Amino acid sequence: MGYIRFLLAVIVVMAHANATVVPTIGALGAVQVFFVVSGFYMAATYERNYTGKNRAIRFWISRYLRLYPAYAIVLLLTGIASLAFGSGSNMLRIYDYFISPDPKPHFAVWTLLLQDVISVNEREHYLLPVRQAWSISAELAFYALVPALVLARRYALYIALAFFLVKAVLFFQLGQHHAYFPFYSEVGYFILGLWLFYNRSFLTWSRSAAIILAIAFSAYVLFAGPSGWERSTSLRNAILVLATILVLPSCFEHLNGRVSVFLGDLSYGIYIAHFFVIQVLLDLGVITLEGDILQKFGRLIVVVGLSTVIACLIETLVQTRVDRLRRRLTRDKALTKLEVAPAAG
C-alpha cells in the first residue's frame, strides 16, 4: 500500500505547486483516499500489534509519536525560514503564524491537535504554518475512535454511511469548509477503510491480480480528473472510493514488502514538508508558480525531490530513533514477559 500512498502524496504536491501535468483526482480526492487507506491500515495495526491492558492508550500514544516528530521538524524549519526571509513573498502564507499580529492558535500549532476543527475558520486555517497538517490532526482524532470502532465493527458500514450523511448535511447547510476540514465530516472514509479490513477476504486475490489492480488504480488516480466530494464531483468521488475498496485488500496482502513500506513512510514526510519546500524555493527565486507544462513538470520534480530528501533525513536521523522509543513505551509488558519466559526456562 506504500506505493499508493506515495502516489497520492505526489498528487497533492502537484496541486499545491501548480504543477498538475495530468488530469489527476486532485488534492481533495487524494486526501480522502488517504483516509480510506488509513482506516484499513490502522485496523490492521490495532488488531495485530496491540493487545492486553491499556491497548487503546498505547495505540494512540504510538501513533502520535509516529506523526508528531516530522511535523515538529517542519514547523521549526518554517519558523527559521520566516526569520530568514521575513514577509518575503510569503505567497503560500505559511509564515503568517510567525509574522501576523492576529491572535494565534498556539495550542493547535504546537500540539498538532484540533487543526482540522479550527480550519473551518479561514483566518485560522491560514495561521497554520504547516497548513496541510489539518488532515494529520483529523487522523489523530480518527485514531482515538479506533478502539470503539473495532468493537462496533459489525456495524461499521452503517456508521460510515451515517457520517457521509452528516457530511452532506454540513455541505448543504454550512458550506464546503464545514464539510471538508473537521474530522467528523471526513471520518466516514476512515470507517469505510476499517470496515474493509474486517471484510477483506472476499476482495483478496492473487499476487498477479494485485499487481494488475495496483497499475490500473495508479492510472485511474492520475487520469480520472478531479474527484473530491466537495467539488461537485461527488459521483466521481464515489467511484474513486469504490476503486479504492477494490484494490486495497489484494495490495495489502501481496504488495506490502520493504520497498512499499519505505515508500509509505516517505509519503508522510513528503506530504508534511512540501509546502515549506515550495515557499522556500519561491523565496529564493528558484521557481515561480507560472509556466507551461514543461516548467510544471520541472517544478514537480524539484519539489518532490527536495521534499523526499527532507523526508529521508527525518526518517533516518530522527524517526527511526523515535520508533524504537515508542515501541518500548507502548509495547504490552505482560505479553513481553510471556514471550521471554520460555527462553529463560
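Kindly provide the set of residues from the range 301-328 that are of a type in the set (Val, Ile, Thr) and more than 28 Å from Arg58 (Cα to Cα), ordered by number. Working first, answer last.
At the first step, the residues of the range 301-328 found to be of a type in the set (Val, Ile, Thr) are 301-304, 308-310, 314, 316, 318, 320, 322.
Passing the criteria: Ile301, Val302, Val303, Val304, Thr308, Val309, Ile310.
If I ask for residues that are β-branched (Val, Ile, Thr) and either at pLDDT below 95 or closer than 23 Å to Ile287 by Cα (or both), which ones from the range 54-96 would you list? Show your work before the answer.
Narrowing the range 54-96 to residues β-branched (Val, Ile, Thr): 57, 61, 73-74, 78, 80, 94.
Within the range 54-96, Ile57, Ile61, Val74, Thr78, Ile80, Ile94 qualify.
For residues in the range 38-85 being within 13 Å of Tyr143 (Cα to Cα) and among the aliphatic types (A, V, I, L, M), which is nearest to the chain's Cα centre (by Cα)?
Leu67
Does the range 47-65 hold any residues that are among the basic types (Lys, Arg), in contact with a helix residue (DSSP H, G or I) (Cβ under 7 Å, 6 or more places away or on another chain) and part of a helix (DSSP H, G or I), and which are they?
Residues of the range 47-65 that are among the basic types (Lys, Arg), as a first pass: 48, 53, 55, 58, 63.
Next, only the ones that are in contact with a helix residue (DSSP H, G or I) (Cβ under 7 Å, 6 or more places away or on another chain) stay: 53, 58, 63.
Across the range 47-65, the qualifying residues are Arg58, Arg63.
So Gly225 clears everything in (1) in contact (Cβ under 8 Å) with a residue 60 or more places away in the chain; (2) under 27 Å from Thr20 (Cβ atoms); (3) in contact with a helix residue (DSSP H, G or I) (Cβ under 6 Å, 6 or more places away or on another chain) except one condition, right? Which one?
Unmet condition: (3).
Consider Ala179 carefully, then state whether it is farther than 27 Å from Val21 by Cα, in a helix (DSSP H, G or I) and either touching a Lys or Arg at 6+ places or on another chain (Cβ under 9 Å) or not hydrophobic (A, V, I, L, M, F, W, C) (or both). Before you say what the answer is, go through the steps one by one.
Numbers: farther than 27 Å from Val21 by Cα: yes; in a helix (DSSP H, G or I): yes; either touching a Lys or Arg at 6+ places or on another chain (Cβ under 9 Å) or not hydrophobic (A, V, I, L, M, F, W, C) (or both): yes.
Against the criterion (farther than 27 Å from Val21 by Cα, in a helix (DSSP H, G or I) and either touching a Lys or Arg at 6+ places or on another chain (Cβ under 9 Å) or not hydrophobic (A, V, I, L, M, F, W, C) (or both)), Ala179 qualifies.
Under the condition of being surrounded by fewer than 18 Cβ atoms within 10 Å (Cβ to Cβ) and among the polar types (S, T, N, Q), which residue from the range 109-131 is nearest to Ala179 (Cα to Cα)?
The residue in question is Asn121.
Please specify each residue of the range 291-307 satisfying the condition of being more than 17 Å from Thr78 (Cα to Cα) and either in contact (Cβ under 8 Å) with a residue 40 or more places away in the chain or among the basic types (Lys, Arg) (or both). Lay out the reasoning, then the answer.
Of the range 291-307, the ones more than 17 Å from Thr78 (Cα to Cα) are 291-302, 304-305.
Scanning the range 291-307 gives Ile293, Lys296, Phe297, Arg299, Leu300, Val304.
Name the residues in the range 97-108 that are surrounded by fewer than 21 Cβ atoms within 10 Å (Cβ to Cβ) and either touching a strand residue (DSSP E or B) at 6+ places or on another chain (Cβ under 7 Å) or assigned to a helix (DSSP H, G or I) (or both), would you? It would help to see each step written out before you state the result.
Keep residues of the range 97-108 that are surrounded by fewer than 21 Cβ atoms within 10 Å (Cβ to Cβ), which gives 98-107.
Phe98, Ile99, His106, Phe107, listed by residue number.
Considering only residues that are of a type in the set (A, V, I, L, M), in a helix (DSSP H, G or I) and within 14 Å of Tyr41 (Cα to Cα), which ones fall in the range 254-264? Before you say what the answer is, go through the steps one by one.
To start, the set of residues in the range 254-264 that are of a type in the set (A, V, I, L, M) comprises 255, 259, 261, 263.
This time we only want the ones that are in a helix (DSSP H, G or I), so: 259, 261, 263.
Passing the criteria: only Val261.
For a quick check of your reading of the model, give me the residue pairs whose first member lies in the range 274-285 and is within 17 Å of Leu75 (Cα to Cα) and assigned to a helix (DSSP H, G or I), whose second is polar (S, T, N, Q) and modelled with pLDDT of 95 or more, with beta-carbon atoms closer than 7 Å and at least 6 apart or on different chains.
So the pair list comes out as His274/Ser307; Phe275/Gln132; Phe276/Thr78; Val277/Ser307.
With the requirement that a residue be exposed (fewer than 15 other Cβ atoms within 10 Å of the Cβ) and closer than 20 Å to Phe164 by Cβ, what does the range 202-238 give you?
Scanning the range 202-238 gives Ser232, Leu235, Ala238.
Can you tell me which residue among Ser227, Ser267, Ser208, Ser218 is part of a loop (DSSP other than H, G, I, E, B) and small (Gly, Ala, Ser)? Explain how you work it out, then say what you get.
Values: Ser267 fails: part of a loop (DSSP other than H, G, I, E, B); Ser208 fails: part of a loop (DSSP other than H, G, I, E, B); Ser218 fails: part of a loop (DSSP other than H, G, I, E, B).
Matching residue, one of Ser227, Ser267, Ser208, Ser218: Ser227.
Within the range 118-143, work out how many residues are over 16 Å from the mean Cα position of the chain (by Cα) and either in a helix (DSSP H, G or I) or within 25 Å of Leu196 (Cβ to Cβ) (or both).
5
May I ask you to verify whether Asp283 is at negative phi, at pLDDT below 95 and surrounded by 11 or more Cβ atoms within 10 Å (Cβ to Cβ)? Let's see the steps before the verdict.
On the way: at negative phi: yes; at pLDDT below 95: yes; surrounded by 11 or more Cβ atoms within 10 Å (Cβ to Cβ): yes.
In short, yes.
What is the number of the single condition among (1) surrounded by fewer than 20 Cβ atoms within 10 Å (Cβ to Cβ); (2) at pLDDT 95 or above that Val340 does not meet?
Result: Val340 passes all but (2).
The values are calculated or read from the model by the stated rules, or taken from the named source; none is laboratory data. Bear in mind that the values here come from a model prediction, so they are computed numbers and not experimental data. Note that each Cβ is placed from the backbone with ideal geometry, even for glycine, and that neighbours are counted across all protein chains shown.
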